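Some notes on the structure that comes next.
The values are calculated or read from the model by the stated rules, or taken from the named source; none is laboratory data. Worth saying up front: this structure is predicted, and the values here are computed from it rather than measured. Cβ: placed from backbone, ideal geometry, glycine included. Neighbour counts: every protein chain shown.
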């Protein structure tokens with residue numbers, strides 16, 4: 001008989017206007033990796049925040065190791081043996097890895113922190129679970145993946161028996177994700193129980209033992225991972241059958257709309273990031289750029305859209321050079337851009353939906369009259385129209401955009417950029433962090449743009465996305481385009497091989513299974 | 001610190017009002033130490049600052065320069081810039097207005113007065129543009145540069161008022177400005193002058209620029225999120241410089257008002273830290289033009305009533321400084337206020 005280390009019984013949590021968790025009962029078995037999946041806003045993070053003591057349930061009971069417990073705050077949770085790693089890390093940048101791990105639980109001698117003992121303790125712990133990280137490095141100097149390991153170490157250092165990971169892969173590169181899964185396996189072998197919150201079905205299938213699906217605050221069901229599949233889980237999450245591939249007609253490419261020739265761009269540190277890239281894009285086609293993140297895609301896109309100036313090379317839009325123009329002038333010539341990071345680039349979170357929908361159009365008629373004054377009526381009308389046709393929820397143009405869900409925020413960006421009927425559309429990670437419903441919507445809109453004769457450049461780290469939307473695929477590695485394939489020639493294995501720097505000649509030939517892994 | 005608020009809703013009023021109440025409570029302790037009844041002291045404070053038309057006029061007169069410096073600081077805040085240089089900007093504005101005011105005696109009033117005001121604004125604008133440009137082009141922090149520009153302004157005006165523009169009297173001051181350049185007194189015998197009308201106009205203009213024009217949209221966008229502004233085709237550098245110029249021009253009006261409306265001449269080091277008080281006013285007013293008005297009036301009232309309290313009770317006027325300091329402390333510690341005055345919490 002399998003023992004539940006953690007049991008949630010009839011948990012209900014209401015927020016003004018929504019029931020975030022509706023009578024959820026769930027058992028987590030000792031030593032398992034239990035995936036908790038659901039779309040954005042389905043209540044999975046809320047549920048785990050209740051377990052960790054950040055929220056109090058309105059009704060229901062938490063039973064830990066067979067005893068009903070009241071978890072009033074995270075400290076109580078930690079003392080019980082619960083640990084949680086959040087999407088946004090809570091580390092002190094200026095302190096070292098060790099200092100962060102031992103914070104508030106410092107080993108000490110006569111009131112002085114025993115730093116040496118702390119370092120060796122942290123190193124031991126890291127080695128035991130395969131968490132590669134330099135215990136003496138400053139947190140400010142380490143990568144996001146390493147920061148996450150520090151967070152996991154923090155929980156383990158406090159002897160967590162149940163570790164809750166809130167969408168841990170959202171911030172990781174594919175390699176880092178691989179490594180995280182290895183660590184999770186190690187933890188399971190050594191008896192730690194893991195609750196893994198995600199909305200990526202593939203990850204669930206790869207790593208978990210059991211999976212529970214939430215939808216709109218309710219538990220839809222729990223399955224043994226071995227006995228379920230992608231289709232069933234997707235259906236449980238969305239509540240209906242989902243298209244796993246985008247429905248589309250073959251592309252009808254017309255004349256060239258953009259050509260990039262010999263482009264060289266440096267990154268912020270002055271290192272060459274884009275090395276001699278040349279591309280051609282036609283009207284009515286989607287050109288996908290596949291590649292592991294950090295291989296120059298972002299610099300390429302920012303040079304094309306005018307946010308950085310290339311060292312050398314040309315970007316021609318309908319035959320005219322645009323590489324020296326300002327972002328505003330490039331926009332006005334019919335270029336739309338979905339930026340990779342909607343919080344850093346795409347939106348002004350303190351502005352209303354209506355004001356975000358005019359970002360970049362704000363200085364042009366009809367939104368400005370007499371060269372200076374805002375035309376509130378036009379701004380409102382524009383917002384009302386787009387909110388309706390792109391189904392932004394809640395449909396209130398005056399709402400501050402920070403309070404919208406990630407999917408709806410992205411819909412605002414998409415609405416703004418797509419509704420301008422661009423001739424050239426750049427989409428950079430257009431569906432990052434979104435749930436299946438929103439992804440489906442945005443994918444259909446991209447295909448609709450293509451069919452209206454727009455040239456689409458799609459940059460994505462998700463191979464699925466590249467494969468289901470693109471008509472041609474360029475693979476970027478180390479700042480260069482290493483291969484351009486038609487969609488018929490491309491498959492996951494070949495792309496994966498090229499993305500990791502594989503020899504294009506060999507990729508054309510047969511590929512041994514397992515080549516993609518290393 | 002929440003430097004960026006879009007509107008003055010009741011939620012936003014909680015911290016300023018709570019801070020004022022708490023500061024008065026802390027002040028009451030000091031009144032008790034001075035051996036006086038706090039209720040008596042505060043009654044005097046209130047009656048002498050708001051109790052009669054005349055005292056209200058005095059309060060408004062004291063508030064006028066603070067409205068200008070508060071507005072100036074708040075404007076820069078909206079672009080994400082911390083302008084500590086209002087003091088220097090008001091000095092160069094004051095000297096420029098005084099120089100125009102003591103010259104051109106044969107001009108008609110409709111030309112002379114606007115010219116003096118415009119000269120002051122131009123001087124303040126240029127003074128603030130320097131740290132603005134340094135920030136926009138070279139990334140030098142504006143706090144450092146605006147502070148340093150203050151010292152340059154002190155010594156430059158010291159030189160001008162003791163050298164080329166020294167007046168006929170022995171004191172370090174200019175001659176009286178011609179009546180054609182003066183902001184006339186509007187409520188004798190107080191020194192309330194038409195500068196208060198200018199202040200109200202400035203409030204409206206700042207409000208319109210920030211929320212009704214594309215320029216304000218761009219400036220606030222840069223303040224909230226420079227990355228997104230740049231993506232939206234907004235020039236971050238240009239808007240930073242523009243925001244500093246407007247900020248400096250508005251702040252300099254404090255000096256202009258003191259010269260043309262109160263003293264009638266430029267007096268060396270005349271300002272009782274009006275520029276620095278402007279930072280407090282902006283903070284308390286939540287960087288909103290209307291909030292700035294009420295904050296400035298409050299600070300004006302404290303100074304007016306404080307002087308009377310000193311005269312009529314055993315409480316020294318330094319109590320006012322304590323209260324002002326406490327207000328700033330509590331506004332900065334806004335989380336404390338939210339906990340002391342809990343509203344219904346959002347989930």
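The table below gives the values:
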quantity	calculated
Spans of helices (runs of 4 or more DSSP H) in the range B:128-231 with at least 2 residues out of contact with any strand residue (DSSP E or B) (no Cβ under 9 Å at 6 or more places or on another chain) and within 14 Å of chain A (Cβ to nearest Cβ)	B:195-212, B:214-224, B:226-231
Hits in the range A:373-394 - residues which are more than 12 Å from chain B (Cβ to nearest Cβ) and buried (at least 17 other Cβ atoms within 10 Å of the Cβ)	A:382, A:383, A:386, A:387, A:390, A:392
Any hit, the range B:132-146, residues being under 26 Å from residue B:191 (Cβ atoms) and surrounded by fewer than 17 Cβ atoms within 10 Å (Cβ to Cβ)	no
Test: residue in the range A:210-219 that is surrounded by fewer than 14 Cβ atoms within 10 Å (Cβ to Cβ) and modelled with pLDDT of 90 or more	no
Filter pass, residue A:273 being assigned to a loop (DSSP other than H, G, I, E, B), farther than 30 Å from residue A:11 by Cα and in contact with a helix residue (DSSP H, G or I) (Cβ under 7 Å, 6 or more places away or on another chain)	no
Scope the range B:44-100; condition assigned to a helix (DSSP H, G or I) and at positive phi; matching residues	none
Residues of the range A:359-372 that turn out to be facing chain B (nearest Cβ under 8 Å) and assigned to a loop (DSSP other than H, G, I, E, B), as a count	6
Search result, residues across the range A:333-358 that are touching a strand residue (DSSP E or B) at 6+ places or on another chain (Cβ under 8 Å) and either part of a loop (DSSP other than H, G, I, E, B) or over 13 Å from residue A:412 (Cα atoms) (or both)	A:333, A:334, A:335, A:336, A:339, A:340, A:349, A:350, A:351
Among the residues listed as A:119, A:97, the single one being without any contact (Cβ under 8 Å) to a residue 24 or more places away in the chain, farther than 25 Å from residue A:31 by Cα and either in contact with a helix residue (DSSP H, G or I) (Cβ under 7 Å, 6 or more places away or on another chain) or outside the structural domain of residue A:179 (by TED's automatic domain parsing) (or both)	A:119
Residue in the range A:243-251 that is more than 14 Å from chain B (Cβ to nearest Cβ), within 20 Å of residue A:475 (Cβ to Cβ) and not in a loop (DSSP other than H, G, I, E, B) present	no
Complete set of residues in the range A:127-154 that are farther than 18 Å from residue A:89 by Cα and surrounded by 15 or more Cβ atoms within 10 Å (Cβ to Cβ)	A:129
Hits in the range A:386-408 (condition: touching a residue at least 24 places away in the same chain (Cβ under 8 Å) and closer than 21 Å to residue A:367 by Cβ)	A:386, A:387, A:389, A:390, A:392, A:396, A:397, A:398, A:399, A:400, A:401
Unmet criterion (only one of (1) modelled with pLDDT under 95; (2) in a loop (DSSP other than H, G, I, E, B); (3) more than 14 Å from every other protein chain (Cβ to nearest Cβ)) for residue B:270	(1)
Of the criteria (1) without any contact (Cβ under 8 Å) to a residue 24 or more places away in the chain; (2) closer than 21 Å to residue B:214 by Cα; (3) surrounded by 17 or more Cβ atoms within 10 Å (Cβ to Cβ), which one residue A:325 fails	(2)
Residue match in the range B:293-306 (condition: in a loop (DSSP other than H, G, I, E, B) and either more than 29 Å from residue B:214 (Cα to Cα) or at pLDDT 95 or above (or both))	no
Single unsatisfied condition, residue A:397 versus (1) within 14 Å of another protein chain (Cβ to nearest Cβ); (2) under 26 Å from residue B:209 (Cα atoms); (3) crowded, with 17+ Cβ neighbours inside 10 Å	(1)
Members of the range A:295-321 found to be over 27 Å from residue A:501 (Cα atoms) and more than 14 Å from chain B (Cβ to nearest Cβ), listed by number	A:316, A:317, A:318, A:319, A:320, A:321
Near pairs, Cβ below 6 angstrom, 6+ apart or cross-chain, from the range A:335-357 (facing another protein chain (nearest Cβ under 8 Å)) to any residue that is assigned to a strand (DSSP E or B) and surrounded by 23 or more Cβ atoms within 10 Å (Cβ to Cβ)	A:337/A:426; A:339/A:428
Matching residues, the range A:275-294, being surrounded by 23 or more Cβ atoms within 10 Å (Cβ to Cβ) and at pLDDT below 95	A:290, A:291
Which numbered condition residue A:330 fails, given (1) surrounded by 17 or more Cβ atoms within 10 Å (Cβ to Cβ); (2) in contact with a strand residue (DSSP E or B) (Cβ under 9 Å, 6 or more places away or on another chain); (3) away from every other protein chain (no Cβ under 13 Å)	(3)
Leading residue by the ranking (surrounded by the most Cβ atoms within 10 Å (Cβ to Cβ)) among those in the range B:232-267 that are within 14 Å of chain A (Cβ to nearest Cβ) and within 20 Å of the chain's Cα centre (by Cα)	B:246
Subset of the range A:41-70 that is without any contact (Cβ under 8 Å) to a residue 24 or more places away in the chain and touching a strand residue (DSSP E or B) at 6+ places or on another chain (Cβ under 6 Å) - its residue that is nearest to the other protein chains (Cβ to nearest Cβ)	A:69
